[in-house]
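Engineer: What follows is a single structure, and I will ask about it in a moment.
Derivation of every value follows stated rules applied to the coordinates shown; laboratory data play no part. Keep in mind that this is a model prediction, so the values were computed, not measured. Note that we place each Cβ from the backbone using ideal geometry, even for glycine, and neighbour counts take in every protein chain shown.
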Amino acid sequence: MTPGTIGKKKGERGALSIMACDSGRELAQRIINGFNLYTQSREGAGSPLRLTESEEIKFANSEIKTVYNENIRGDDHYIVQCIDDPLSENSINDNLMAMLTAVNAAFQSDADSITLIVPQYPYSRQERKKTREGITAKQIARFMEVSGANRVLTLDIHADAIMGFFGDAKLEDLHASRTIINHLCDHYNTSNLIITAPDVGGAEKARFFSKALQTDFAIVDKARDYSKTSVVESMRLVGDVAGKNVLIPDDMISTGGTIVNAAKLLKEKGAEKIYITCSLPFLNDPAKERIQAAYEDGIITKVIGTDAVFHGEEFVKKTPWYDEVSIASLFARVIYHINTKRSVSELLR
C-alpha cells in the first residue's frame, strides 16, 4: 500500500490519498484529523491518513508548478486549496494557478480519480453578464476540468448557476449551515431570537435557519448600484425585530459594508444583540475595521465564521467579536462517503 493512503476495500473507489497546496495545508490537516477520528469511530484502528508529500515550486519569474514526491497511481485522490488565504502573500490568482498545476500534476501522475476541495470557489461573483464582461466563473470551471479534475467540492457557492458550468466534472456544493446551527445551539442562547436575511437572495438560507431554530424571520431589502463595486444605494426592513436578538446568516463577508449597514438598520428598528454568521469570512479591507467599530459601538455582538477562510489562531484569540467554527469535519465525512460510495446528501440534512 502506498504510504499515506487508505487501502481499497470491496465497493470502494480506490486507495485514498490527500495532498494540499501551500495555502490549503492548514485546512487539509484539519480535514485529515477529522477523517481519522471519523474512520476510527466507524471502523476501529487502522492506517491513519496523512498528507501526500508534494512541493509547490515558485520560479523567479513568478511561474508556479507542483511536484508529487510519492506515487499516487490509481488513487482516489483529493487536493485541498484555499484560494483566498489571509496568512499568505500569494494573491488569489497565484493560489488559483497553484491549484491548477496540482490538479494536472495528479492527472499526469495517473491518479484514478481527482477531487478538488476548494471551499472558496474563485470568481464566484462573476457568474453572469451585467455589461460588456466575461462570465469568469464559467472559465474557472473549464480550467478545473481541462486540468484533470473529476469532482469539485466547494462550500456555499455564491451562485447556484455555477453548477451548470461543469460539463465533465461533478460539482458538489456543501453547506455550513447545519454545522453553524449546531455550534449556536451548543454555545449561545437562542431564545428571543429572530432570523434576518441580509438581502432577498439570502431568504432561503434564513428560512433554513428559522426552521431549524424554530424562530421567525425578517428580510433586509437592499437596492444595489451595480455601476460601482460593493455599493448599496438603499436598505429597508421587512419584518419586526424590536426587542429581539437578531441572527443574520450570510454566505460571505467581503468588505463588510453591507452587513454593517444592515446591522445598523436593525439596531435602529429596536434589535437587541445582533449576531452574524457566514460560511466564508473573507474580511477583506476594510471589513475588520468596520466590524470592530460596529462592535465597539454596540451594534454587532459577534461574527461567527468558519475556517474555510483561515485567519489564524492568533486572530481568533485576540478578536473579541469573532468566533470560528471548523468546517473540516464536514469535508472529512464527505470524503469518506465518496470513497466508500455512501450517500453525501444525508450529511447535509
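Engineer: Just want the ordering: Val118, Val344, Val200, from fewest to most Cβ atoms lying within 10 Å of their own Cβ.
Structural biologist: Val200, Val344, Val118
Engineer: Can you tell me the order of 260-266, 54-60 when each peptide is scored by its average per-residue count of other Cβ atoms within 10 angstrom, highest first?
Structural biologist: My ranking of the peptides, most packed first, is 260-266, 54-60.
Engineer: Follow-up. So what is the 222 nm mean residue ellipticity for the chain from helices alone, if each DSSP H run of at least 4 adds -39500 (n - 2.57) and you divide by all residues, rounding to the nearest 500 deg cm²/dmol?
Structural biologist: That comes out to -10000 deg cm²/dmol.
Engineer: Over the chain, what is the relative contact order in whole percent, taking alpha-carbon pairs under 8 Å and six or more residues apart?
Structural biologist: In percent, rounded to a whole number, it is 14.
Engineer: Among Lys267, Lys317, what is the fewest-to-most ranking by other Cβ atoms within 10 Å?
Structural biologist: Ranking Lys267, Lys317 by Cβ neighbours within 10 Å, fewest first, gives Lys317, Lys267.
Engineer: Please determine, in degrees from 0 to 90 and to the nearest 10, the orientation of helix 203-213 with respect to the longest principal axis defined by the Cα atoms of the chain, where the helix direction is its Cα long axis.
Structural biologist: In the chain, helix 203-213 runs at an angle near 90 degrees to the longest axis.
Engineer: Quick check for the stretch 228-298: number of Lys pairs with alpha-carbon distance under 22 Å, counting only pairs 8 or more apart or on different chains?
Structural biologist: Total qualifying Lys-Lys pairs in the stretch 228-298 comes to 10.
Engineer: Can you tell me the orientation of helix 136-147 relative to the chain, as the angle in degrees between its alpha-carbon axis and the longest Cα principal axis, to the nearest 10?
Structural biologist: 20
Engineer: Another question about this same structure. With everything on Cα atoms, drop me the angle between helix 177-187 and the longest principal axis of the chain, reported from 0 to 90° to the nearest 10.
Structural biologist: On a 0 to 90 degree scale, this one is about 60.
Engineer: Which percent, nearest 5, of DSSP beta bridges in the stretch 178-325 are antiparallel?
Structural biologist: Beta bridges within the stretch 178-325, antiparallel portion: roughly 20 percent.
Engineer: Convex hull over the Cα atoms of the stretch 178-325, averaged projected area in nm²?
Structural biologist: Mean projected area for the stretch 178-325: 8.1 nm², to one decimal.
Engineer: Using the Cα gyration tensor of the stretch 17-119, with a ≥ b ≥ c the square roots of its eigenvalues, what is the shape: rounded (a/c below 1.5), prolate (a/b larger than b/c) or oblate (neither)?
Structural biologist: oblate
Engineer: Among 107-115, 128-136, 210-218, how do they line up from the highest to the lowest mean number of other beta-carbon atoms within 10 Å?
Structural biologist: Top to bottom by mean Cβ count within 10 Å: 107-115, 210-218, 128-136.
Engineer: For each of Met163, Met19, count neighbouring Cβ atoms within 10 Å of the residue's Cβ, then give the residues from fewest to most.
Structural biologist: Neighbour counts put them in this order, fewest first: Met163, Met19.
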